[in-house]
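Everything below concerns the one structure shown next.
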Amino acid sequence: MQAAWLLGALVVPQLLGFSHGARGADREWEGGWGGAQEEEREREALMLKHIQEALRLPAGRGDENPERTPEGEGVWGADEDGLEEAEEEEATPTPSYSPSPSPTPEDAVTYILGRLAGLDAGLHQLHVRLHVLDTRVVELTRGLRQLREAAGDTRDAVQALQEAQSRAEREHGRLEGCLKGVRLGHKCFLLSRDFEAQAAAQARCAARGGSLAQPADRQQMETLTRYLRAALAPYNWPVWLGVHDRRSEGLYLFENGQRVSFFAWHRTPRPEPGAGPSAAPHPLSPNQPNGGALENCVAQASDDGSWWDHDCERRLYYVCEFPF
């Protein structure tokens, strides 16, 4: 490229000077030198062609419209444009198409290893979360165990309080029975003016620390009779005692399971000696017991202290017995 520029710098000024000289000669010898002028033009065209070939310019470019350019301007301008285009073509790299490489077995192995590494990382995160959950479950289990132990302690404390309350109620009932009722030896009797069935009356006496009255001999029977007559006079109210034959008909037992050895059953009054024939027994005061299997619990009359058998579900007053 530098040799072409040097050749252009040496040849073009000579050609331009020769052209000016030839044209000046033409102006001086317009009339007689027509053939010589034509030869000069052909020689000039041939020289331009050689210059274009030396400079690697496209052929015929210097001959295009020579009248429009001043002396030497068309040829020089064409040479410069050609040089600029050549330089741009050399400077601008032509894009080359390179096909994408096909995957190799090594690429597939690398891809699989990458996916396995991602799965391993995900499994690690899952193990971390499972460890956190296990720790939380252990903490919750420990807290639940502590709550159960606290609940057990509370239940035991409540049970202890209930037992203490029951003991206090029994002690209070025993003291009340002995203070408000009547005392005989190692027993105290207390009348309750609440209507209850025989089993419910026994439960209430037991809750107060006693049981239904169990007169074991004539002295206790007479003391209890005087106490009930004074408490309920002038009325006659039957009062539940702790005597029954629910286990076996005719086998009378106290509430503590002992067999009754003393009885005070109601009997129809006998006629006096020397009196006329006795009238029929009064229908409202038959001999006791007369209820059979339908009347298995014993109540005491408050006027004379006699025993009567009644239906155990009948609701009557009751008298409790407390130890002293």
For D303, distant residues with modelled amide H under 5 Å away | W237
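Could you work out the local net charge near E149, counting Lys and Arg as +1, Asp and Glu as -1, over the other residues with Cβ closer than 14 Å to its Cβ?
Details: positive: R142, R145, R148, R155; negative: D153, D156.
Cβ neighbours under 14 Å give a net charge of +2.
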Place the peptides 141-153, 209-221 in order of packing, highest mean first, counting for every residue the other Cβ atoms within 10 Å and averaging per peptide.
-> 209-221, 141-153
Pull up all non-local amide H partners of K187: gap of 5 or more, or a different chain, and H-to-H distance under 5 Å with H placed in the peptide plane.
-> F324
Would you list E39, E255 from the most to the least accessible area, probe 1.4 Å?
-> E39, E255
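Ignoring ligands, DNA and RNA, what percent of the 1.4 Å accessible area of the stretch 161-210 is carbon and sulfur?
Working: 1580 of 2910 Å².
The computed percentage sits at 54.
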Sorted largest first, the Cα spans of the stretch 104-206 on the principal axes come out in Å as 115, 25, 17
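The values are calculated or read from the model by the stated rules, or taken from the named source; none is laboratory data. Keep in mind the model is a prediction, meaning the values are calculated, not measured. Glycine gets a Cβ as well: all are built from the backbone with ideal geometry, and neighbour counts include every protein chain shown. The accessibility values were calculated without ligands, DNA or RNA, using every heavy atom of the protein model including side chains. Shrake-Rupley method; radii C 1.70, N 1.55, O 1.52, S 1.80 Å.
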